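Chemist: The structure follows.
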Amino acid sequence: MIQEKYIAHIRKEDKDKQSVKDHIKNVSNISACNASKIGLAKAGELIGLLHDFGKYSETFQNYFCSATGLIEQDADEYVDSNGLKGKIDHSTAGSQYIWNFAKGKSQKEQIAAQLLALCVASHHSGLIDCLTIDGENDFNRRMAKSDSKTHLGEVLNKAEPEIIEKIELLINEPDCLGEILQVLKKIAQTEKNETLVRFQAGLMIRMLYSCLIDADRLDTANYENPQDIKNRQNRKYISWELLSNRLEDKYIEFECHPNKTKVDTLRKLISDACLGRSDDKMGVFTLTVPTGGGKTLASLRFALHHAEKHKLDRIIYVIPFTSIIDQNAQVVRDILEVEKHEEGRIVLEHHSNLMPQIQNWKNKILTENWDAPIIYTTSVQLLETLFGGGTRSARRMHQLANSVIVFDEIQTLPIKTVHMFCNAVNYLTRHCNSSVVLCTATQPLLNKVDKNKGRINFEKANEIMPDIETLFADLKRVEVENKIKPQGWETDEIASLAIEQTNDSGSCLVIVNTKKNAQAVYDACSKMTEYPVYHLSTSMCPAHRIVKLTEIRGKLGKEPLICVSPSCIFSFLIY
């Protein structure tokens, strides 16, 4: 097929064509920018240029043009695109180019080249396994594919001279493979055994892969849907200084409040401690604060000033339960998103409770690669980003670099993921210029788990609060009274106890272990008292739950009420 321009994409709206040359140059620039955060800019630039190298082949062009109607069915070049979907290999050519270059090089250089080749070969499938379940070397099989299937020789003749020249210049530059080797050397120096070194190296590969995937998807989306470009931010965020000032203004309001309590004073002390430590060098921090101590805004105060001090890209909050994430995000949004045009562009939520009808372009575009300065997401989304298969979750991983990552209620971390989590935190803080804050009232001993499987090495000095014991004593607001009965409590008995406590205290929160029990206690209370009775559940949609919580807060201290809830939203209620 003879044509003037080799095509990478065609826009459905106006049939405009994006050339392979333009696409790979754009991807190369974005990938290099992404990878610069982890010291791999040259490597990111090279894999960006080579990822779609196979699209220069006549086989791919005939397939693509037949599929998009650019070649008529009666033309000689026409092929049955439906039967060939997913069968035209356009990713192996670029990876073979890197791998062939490494032949005859040192073993270390071959390792570095293999990592780059792996990213290119996997950019549509998710990172491929180099070994099959049968122990076969699948990477070598891929690299040994015949030229008739990968078309490497053909594309080397057809690609524009400036592209070939740029590729050759990059791959021969010592820094290209040298960057990879430097990171691997640093990993080997900081980890204690080979298992951990390999684990960290795997995270490095996935991080570089993320840089490429995001660049590829972003340029493709920008070309095919140019109307959405205005909704993307691409790191053009509001300054940390301005956001910090908005939060400081809120704290001034708190100080001027005429009815401050002892708890308000303690919350200010906690927040001031976070502010005081925000200038510390980057690393792993613990923030151990009792329930009700105001961790949400105190940790934000630390994160905003820490990000400003160290010129970081974003703040990521990781929260275990969807039942509390929307409220925390709303609290922060109310403070930081002052202008109408800023709504949803400073604080971005990414979790399963989001409703498509209210998220619209924000959910479709900004959450694809966490394109906002402050992200609220769940533990599940974070683990998917770090370890999930495919390309969608992996695309966001590079955003974890050059960031402050705050883990709220870290004690809920599933035991079976502890070592994976510790290794990921070590990688992010040691090799990706990120800081991590572990927030909870009950710190798990992540520095005491098996060191041979991976643990976080933090000392007492990493704790942000200067005197935890005194803080817990001052914030003690609960007296535990043992009401256990050998035969257990009947539902009506629990309802009677709740009413009795409401008579004495003015309000009562009843926490039970299941949604079914919560419903039963709620029904019993509703029948036995004239007091307002509220029932909260994770089955409620977020908007409904927020309405009910707002109503409850408005009545607290003003009139008696009873609230019944399952334990999974306990912290949501008592903040």
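Chemist: Would you list which lysines come within 22 Å of residue 145, measuring only between C-alpha atoms, while excluding same-chain residues fewer than 8 positions from it?
Modeler: Of all the lysines, those that pass the test against residue 145 - Cα under 22 Å, at least 8 places apart if same chain - are 55, 85, 87, 103, 105, 158.
Chemist: Continuing with this model, one more query. Of the listed peptides 200-210, 92-102, what is their order by residue-averaged count of other C-beta atoms within 10 Å, with the highest listed first?
Modeler: The peptides rank, most packed first, as 92-102, 200-210.
Chemist: Under the Karplus relation 6.51 cos²θ - 1.76 cosθ + 1.60, θ = phi - 60°, what is the ordered set of whole-Hz ³J(HN,Hα) values for the range 130-135, x standing for Gly and Pro?
Modeler: 6, 10, 7, 5, 8, x
Chemist: Among 275, 258, 423, which residue has its Cα furthest toward the positive end of the charge dipole of the range 240-474, with +1 on Lys/Arg Cβ and -1 on Asp/Glu Cβ?
Modeler: Farthest towards the positive end: 423.
Chemist: Given the DSSP H assignment, sum -39500 (n - 2.57) over each helix run of at least 4 residues in the chain and divide by its residue total; what's the result at 222 nm in deg cm²/dmol, nearest 500?
Modeler: -16000 deg cm²/dmol
Chemist: Something else: Separation of the range 118-145 and the range 305-349 by C-alpha centroid, Å?
Modeler: Spelled out, the Cα-based centre of one part sits 39 Å from the other.
Chemist: Using R₀ = 45 Å, calculate the FRET efficiency as 1/(1 + (r/R₀)^6) where r is the Cβ-Cβ separation of residue 505 and residue 450; round to 0.05.
Modeler: 0.45
Chemist: Taking the number of other C-beta atoms within 10 Å as the exposure measure, put 306, 123, 431, 544 in order starting with the fewest.
Modeler: Ordered from fewest to most neighbouring Cβ atoms within 10 Å, 306, 123, 431, 544 come out as 544, 431, 306, 123.
Chemist: Still on this structure: Using only alpha carbon pairs under 8 Å that are at least six residues apart, calculate the relative contact order of the range 7-224 and give it in whole percent.
Modeler: Value for the range 7-224: 27 percent.
Chemist: To the nearest 20 Debye, how big is the dipole of the range 473-512 about its Cα centre, given +1 on the beta carbon of each Lys and Arg and -1 on that of each Asp and Glu?
Modeler: In total the dipole reaches around 160 debye.
Chemist: Could you pull out the pairs from 108/311; 21/166; 5/25 whose alpha carbons sit more than 22 Å apart here?
Modeler: Among 108/311; 21/166; 5/25, the Cα-Cα distance tops 22 Å for 108/311.
Chemist: Please give the peptides 158-169, 56-67, 520-531 ranked by average Cβ packing (other Cβ atoms within 10 Å per residue), highest first, as a rough proxy for protection.
Modeler: Descending packing order for the listed peptides: 56-67, 520-531, 158-169.
Chemist: Kindly flag which residue pairs out of 262/476; 262/295; 192/448; 17/149; 281/309; 42/236 have an alpha-carbon separation exceeding 18 Å in this structure.
Modeler: Among 262/476; 262/295; 192/448; 17/149; 281/309; 42/236, the Cα-Cα distance tops 18 Å for 17/149; 42/236.
Chemist: Moving on. What residue among 501, 560, 133 has its Cα farthest toward the positive end of the dipole of the chain, where the charges are +1 on Lys, Arg and -1 on Asp, Glu, each on the Cβ?
Modeler: 501
Chemist: A follow-up question, please. Any chance you could give the angle, 0 to 90 degrees and rounded to 10, that helix 356-365 forms with the longest Cα principal axis of the chain?
Modeler: Between the helix axis and the principal axis of the chain, the angle is about 40 degrees.
Chemist: Of the trypsin sites (Lys or Arg not before Pro) in the range 1-41, which ones lie in a loop per DSSP and count no more than 10 other C-beta atoms within 10 Å?
Modeler: Sites meeting the loop and neighbour criteria: 12, 15.
Chemist: What angle do you read, to the nearest 10 degrees and between 0 and 90, between the alpha-carbon axis of helix 92-102 and the longest principal axis of the chain?
Modeler: Tilt of helix 92-102: around 80 degrees.
Chemist: Sequence-distant or interchain residues sharing an amide H contact under 5 Å with residue 285, placed H: which?
Modeler: Close amide H contacts, sequence-distant or interchain: 436, 437, 438.
Chemist: Another question, if that's okay. For the chain, what is the charge dipole size about the Cα centre, in debye to the nearest 20, if Lys and Arg each add +1 at the Cβ and Asp and Glu each add -1 at the Cβ?
Modeler: The dipole of the chain has a size of about 980 debye.
Chemist: Tell me, what is the percent relative contact order of the range 491-574, built from C-alpha pairs under 8 Å that lie six or more residues apart?
Modeler: 42
Chemist: Still on this structure: What's the magnitude of the charge dipole for the range 258-302 around its Cα centre, counting Lys and Arg as +1 and Asp and Glu as -1 at the beta-carbon? Answer in Debye, nearest 20.
Modeler: 140
Chemist: Can you list the trypsin sites (Lys or Arg not before Pro) in the range 427-505 that are in a DSSP coil and have 14 or fewer other beta carbons within 10 angstrom?
Modeler: Answer by residue number: 448, 451, 476, 477, 483.
Chemist: Here is a further query. Projecting each Cα onto the charge dipole of the chain (Lys/Arg +1, Asp/Glu -1 at the beta carbon, about the Cα centre), which of 29, 8, 482 comes out farthest on the positive side?
Modeler: In the chain, that residue is 482.
Chemist: What's the center-to-center distance, using Cα atoms, between the range 424-447 and the range 15-68 in Å?
Modeler: 35
Chemist: State, to one decimal in nm, how far the label point of residue 124 lies from the label point of residue 380, with both points 7 Å from Cα in the Cβ direction.
Modeler: Result: 3.0 nm between the two label points.
Chemist: Right, something else. Looking at the range 1-45, which GluC sites (Glu not before Pro) are in a loop (DSSP not H, G, I, E or B) and have at most 13 other Cβ atoms within 10 Å?
Modeler: Answer by residue number: 4, 13.
Chemist: Percent antiparallel among DSSP beta bridges with both residues in the chain, to the nearest 5?
Modeler: Percent antiparallel among DSSP bridges in the chain is about 10.
Chemist: To continue, here is another question. Let me check I've understood the local charge: for residue 199, count other residues with C-beta under 14 angstrom from its C-beta, Lys and Arg +1, Asp and Glu -1. What total comes out?
Modeler: So the surrounding residues net to +4.
Chemist: Setting aside same-chain residues fewer than 8 positions from residue 483, which lysines have a Cα under 26 Å from its Cα?
Modeler: Partners found: 515, 516, 527.
Chemist: Also, quick follow-up: Roughly what angle does helix 240-256 make with the longest principal axis of the chain, taking Cα atoms, 0 to 90 degrees, to the nearest 10?
Modeler: Compared with the principal axis, the helix lies near 0 degrees.
Chemist: Please find the FRET efficiency linking residue 411 to residue 491, where r is the Cβ-Cβ separation and R0 is fixed at 35 Å, and quote it to the nearest 0.05.
Modeler: Working from the Cβ atoms, E equals 0.70.
Chemist: Let me ask something else. Considering the Cα positions of the range 491-574, please state its Rg to one decimal place and its Dmax as a whole number of Å.
Modeler: Values for the range 491-574 (Cα only, Rg and Dmax): 11.8, 33 Å.
Every read-out reported here was derived from the displayed coordinates using simple, explicitly stated rules and does not represent laboratory data. Computed from a predicted model, the values in this text were never measured in an experiment. Here the Cβ is made from the backbone with ideal geometry for all residues, glycine too, and neighbour counts use every protein chain on show.
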